[in-house]
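J.: Here's a structure for you.
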Amino acid sequence: MQKGLLIVISGASGTGKGTVCKKILADLPEVAYSISATTRTPRPGEVDGKEYYFLSRDEFKAWIAEEKFLEYAEVYGNFYGTPLNKIEERLNRGEDILLEIDVQGALNVKKKCPDGIYIFLLPPSLEELKRRIEGRGTETAESLARRLKNAVAEIEIGREYNYVVVNDTIENAVAQIKSIIAAERCKVERNPDKFQLGTRNKELGTSF
Ligand code: 5GP
């Protein structure tokens, strides 16, 4: 049985990683989404236990104390964390798990789980990123400037990932990420069992 893949996707705010991840999950039903915990308030339509576990700061601190997180980080003044939630056991059972987390969290996970797949999503350009964030209409001029400055710093950290995908169109980005996942599933080091067949062939080979 092949161990499941830990797939970690990050990208600066406005890169469109939420939309890309939703499409990946819809197309690959065998991949489970890791629901994060956060102290930020829910946006309209967000449901506790679906998009996030919405916690108070005290609850979040209690989860930290109880060592319930694989990683956590502070992003734009709120805390976000990946619940351990038996991730290791689930991977060992062959389940693939997708984390959509920020760069700080991803680098922490990379230290603990170096055989994960770390994918960094880039916007086609900074001008396009600015247009996309402005288009959401949720930012003040100040917070837009802060997010863009932050994006430049985050993009540099993207060099630490294994793969980079430009989100020019959702379709292209999704197709590339699906190809990465397919290729990773075929890696020799992930498939020692398949070589059992090779061993048998070697014995058979002498009788050919
Ligand atoms: P948003 O508030 O827009 O849903 O997310 C803000 C940022 O927090 C995004 O960059 C998102 O990837 C990141 N994020 C979401 N969940 C987690 C998590 O569990 N851990 C970390 N480190 N970042 C997260």
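J.: Report, in degrees rounded to the nearest 10, the 0 to 90 angle that the Cα long axis of helix 170-185 makes with the longest principal axis of the chain.
T.: 40 degrees
J.: While we're here: What FRET efficiency, computed as 1/(1 + (r/R0)^6) with R0 = 30 Å and r the Cβ-Cβ distance, is obtained for Ala141 and Glu171, rounded to the nearest 0.05? Show your work: numbers first, answer last.
T.: Numbers: r = 32 Å, r/R0 = 1.08.
FRET efficiency, Ala141 to Glu171: 0.40.
J.: Obtain the nm distance between the two label points defined at Asp48 and Asn78 by a simple spin-label model: each point lies 7 Å from its Cα along the Cα-to-C-beta direction.
T.: 1.5 nm
J.: Next question. Please report the orientation-averaged projected area of the range 35-84, defined via the convex hull of its C-alpha atoms, in nm². It would help to have the intermediate numbers written out before the result.
T.: Numbers: hull surface 12.8 nm².
Its average projected convex-hull area is 3.2 nm².
J.: Would you please state the base-10 log of I(q)/I(0) at q = 0.08, 0.17 1/Å for the chain, with intensities from the Debye formula using one equal scatterer on every alpha carbon?
T.: -0.32, -1.27
J.: To check you understand DSSP bridge types, tell me what percent of the beta bridges within the range 35-84 (both residues inside) are antiparallel, rounded to 5. Kindly include the intermediate steps, with their values, before the conclusion.
T.: Values: 8 of 12 bridges.
Just about 65 percent of them are antiparallel.
J.: For the range 29-155, please report how many Lys pairs fall under 24 Å Cα to Cα, leaving out neighbours fewer than 8 apart on the same chain.
T.: Total qualifying Lys-Lys pairs in the range 29-155 comes to 15.
J.: Over the range 96-185, what portion of Cα pair distances is larger than 17 Å, expressed as a whole percent?
T.: Details: 2231 of 4005 pairs.
That fraction is 56 percent.
J.: Using a probe of 1.4 angstrom, how much of the accessible area of the chain is carbon and sulfur, in percent?
T.: Values: 6520 of 11890 Å².
On the chain, the fraction of accessible area on carbon and sulfur atoms equals 55 percent.
J.: Using only the alpha-carbon atoms, how far is helix 103-112 inclined from the longest principal axis of the chain? Give it as 0 to 90 degrees, nearest 10.
T.: Between the helix axis and the principal axis of the chain, the angle is about 30 degrees.
J.: How much accessible area per residue does the chain have, in Å², with a 1.4 Å probe?
T.: Details: 11890 Å² over 208 residues.
Here the per-residue accessible area is 57 Å².
The values are calculated or read from the model by the stated rules, or taken from the named source; none is laboratory data. The structure displayed is predicted, hence computed values, not measured ones. We place every Cβ from the backbone using ideal geometry, glycine too, and count neighbours over all the protein chains shown. Each accessible area value is taken on the protein alone, full model and side chains, heavy atoms only, with ligands, DNA and RNA left out. Shrake-Rupley method; radii C 1.70, N 1.55, O 1.52, S 1.80 Å.
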